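Input: a single structure, listed below in structure tokens.
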Amino acid sequence: MGDEIELISDGDGLAVVGEKSAVERFLSERGLLALSEDLGLHKLGALAQVADSVVTGASEVAANSGRWLKLTKESAAVVKEFGLMETKTAGISHAMIGDPGSISKWLQVDTGAGALLTNPAMLAGAAGVMAQLARQAEIREIKAYLERIDEKLDDVRRGQRDAQLAKMDGVAFTIKEAAKVREVTGHVSEVNWSKVQSASTTIGETQSYAIRQLRGHAEKLEAAKKVGDIAKAAREVEADSAVWLAVLARCFELQESIAVIELDRVLEAAPADLDGHRAALDEAREERRSLILTQTAQLMERMVNAAGTARLNVLLHLPSAKRVVDAVQIVGAAVDDFHQPLGIEPTTTEVQPVRFQDALKEWKQWKAAGKEAGPKVAVGALVVGGVVLYAHPKTRPIAQAALSAAAKAVGK
């Protein structure tokens, strides 16, 4: 291949393939070499046996080097720069580029029989390896998230989380053992795979339970009508959400760990099926992400709605209203933190508290207070928040307006 290299993208990562020096030079010029890791082209040796004659075989695979990096703003710029083209392998884009002698300029060249990975079987194999690396990167981010969460949980919540995760201890141990054997031997035997292939059931049950808990909190928030009940429900969400998000993250981590092992097993046992299997695993992962996103979005929607109700009742429920708004911010930040390693963009809606002084001037606040307290609000208009409104010249107009607003509210 000389100075020619190949670029491959699956939407999650970017692979650069070619002679080692050319690959490293290309990445170094863009400041990306330190962010990359070995692609593991040696795994494609099995696919060379089923590839078409345009691929010279395992020897050519071994003669080349590959580096992979997660698709970020910087690496995505490379994809845009060279205009990768869609291939017949679903979700995979590809380009061959070459250096005509200048280290400062790379030009796109035609992709033809000389390109190592233009053969569908080999390209599918590369996509499978890239899918593994993307999942392993996600697993590392999830583990970092779980460490952050552990520091924030009190003893009670940590015990609650551990009680749920204990149900998966056996599964986690089996997966860890299989991953270690894979690391040492370089492949996944039938015996090793048989130990983990049924683990998804236990993980799925734990995931479903955690989702039901979040859904239950959302339903409590929706059902609560009084500000006191809303504040209580919001406090429960604030306390419990980190627990169930941590459980979901652990489930996702274990599911991704199984997928990494599974792709290796398919590559060895049925390499011709690798592309379809990779696509199916990607689809299953997106379905899990969508399910989790739907539930967390629903929870935040209920939280924001609850805060809206609380913000309309500041005159009679200032402390409770503030607690609800605070809970929205805390839970929103926790959800965003949970979403990050899963590749989900932040969606938190900011909710600002209503100052008591501002609430005193709002007709809708007095109307809400009047509906709840009836004639009592007239007294509240004179002495509210520890301030004697009617007696002080500066607040007398507010008190007079409040009395009038209260009368109207009670009459409606």
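Two decimals is fine: what is log10 I(q)/I(0) at q = 0.17 Å⁻¹ for segment 153-342, from a Debye sum with one equal scatterer on every Cα and no solvent? Debye output, listed in q order: -1.05.
Please give the FRET efficiency for residue 212 paired with residue 90, using the beta carbon to beta carbon distance and R0 = 45 Å, rounded to the nearest 0.05.
Values: r = 34 Å, r/R0 = 0.75.
E(calc), rounded to 0.05, equals 0.85.
Working ranking of peptides 291-303, 160-172 by packing, defined as the average number of other Cβ atoms within 10 Å per residue, highest first, is 291-303, 160-172.
Over 20 Å between C-alpha atoms is what I'm after, so list which of 80/143; 232/322; 225/361; 152/176 land there.
Flagged as over cut-off: 80/143; 225/361; 152/176.
Dipole magnitude for segment 138-217: about 180 debye, using +1 per Lys or Arg Cβ and -1 per Asp or Glu Cβ, origin at the Cα centre. Highest mean first, the peptides 125-133, 338-346 sorted by other C-beta atoms within 10 Å per residue fall in the order 125-133, 338-346. Sorting the segments 323-336, 139-152 by their mean number of nearby beta carbons within 10 angstrom, highest to lowest, gives 323-336, 139-152. Taking K and R as +1 and D and E as -1, what net charge do the other residues with C-beta under 15 Å from the C-beta of residue 243 add up to? Every neighbour counted, the sum reads +1.
None of the figures in this text is laboratory data; all of them are computed from the coordinates on show. Predicted, not measured: the structure shown is a model, and the values here were computed from it. Glycine gets a Cβ as well: all are built from the backbone with ideal geometry, and neighbour counts include every protein chain shown.
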